[in-house]
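Student: Please find one structure pasted underneath; my questions will follow.
The values are calculated or read from the model by the stated rules, or taken from the named source; none is laboratory data. Keep in mind the model is a prediction, meaning the values are calculated, not measured. Every residue, glycine as well, gets a Cβ built from its backbone with ideal geometry; the counts of neighbours run over all protein chains shown. In case anyone asks, the SASA skips ligands and DNA or RNA and just uses the protein heavy atoms, side chains included. Shrake-Rupley method; radii C 1.70, N 1.55, O 1.52, S 1.80 Å.
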Amino acid sequence: MLANLLPGLRDVRAPLSTGCIWLLALWLILEDRVPTPQQAHGVWASLYRLGDLMGPAGVLAAGSFLAYLIGAMLTVRVVTVNAREAPKAARFRNGGTALTPRVSRLAYDDLVSFLRDQERLPRSAPEGTAAMDPERERGERLVVGLAVRDILGETRQLRTKLLIASYDLFNEYDRAVGEAEFRKNVSYALVGLTATLSWLQSPWWALLLLVSGRLYAAGVGSEQAANDVIVQAVVAGLITPLSISGAAGVPAVPTGRSQ
């Protein structure tokens, strides 16, 4: 029963938490403009009367709902690996691979080796052989980058396949995504709260940015862990991207031409 509720709680946790922080920042800014019950008239008087009718529990529930709405509007969804982000994980500079934190180097290298074993990517030239033509080498690097981009670009579809193939592994992926979304969005909200406190109170409140930065780094780590689950599931053969199954072509250099 509890296991079935956890995914739903993860969906609510990020917008509710961030909404509470943004609502606190908004209250600090507008507090001086809110009239007391004795001074209130018009809309403010109506709100005070409504609060009296609802009672403390009702006011708390309404405040929580308002915080959730604010958080839902301002929450930034975690971008795992999609068609726009994947090229950043497949850039080649000076013979190496420049990776973003979204995918670990180990997972990336495992995926490239897997594609080479499937003969969908050219294999590296053996050590001691003649140097490859520079144009040919750049072309093969481009092939590797495009192939990896196409596979990682199917993350949203592959997560559904992972749910069917392995519920436990999907839970691990979903947990990592939930943690990444919670930590990164709370860090964004803390930046707003820090700016508000620094403006209204003292610049020393800017030290809270250290907490925000630490949370953001933890969120990036969780995001990377989620992507690694998808990549390793492909390498293990649990899920098959369309670009491997043949429904969507992956450019490949035949081994006979790599000489």
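Student: What accessible surface, in Å², does a 1.4 Å probe find on residue 104, ignoring ligands, DNA and RNA and rounding to the nearest 10?
Tutor: The accessible area of residue 104 comes to roughly 20 Å².
Student: Okay, moving on. At residue 45 and residue 157, where each label point lies 7 Å from the Cα along Cα→Cβ, what is the point-to-point distance in nanometres?
Tutor: Label-label distance for residue 45 and residue 157, simple model: 6.2 nm.
Student: Take residue 206 and residue 135, extend 7 Å from each Cα along the Cα→Cβ direction, and tell me the distance between the two endpoints in nm.
Tutor: Output for this residue pair reads 5.4 nm.
Student: Under a crude label model (7 Å from the Cα following the beta-carbon direction), how far is residue 198 from residue 53 in nanometres?
Tutor: Those two pseudo-labels are separated by 4.4 nm.
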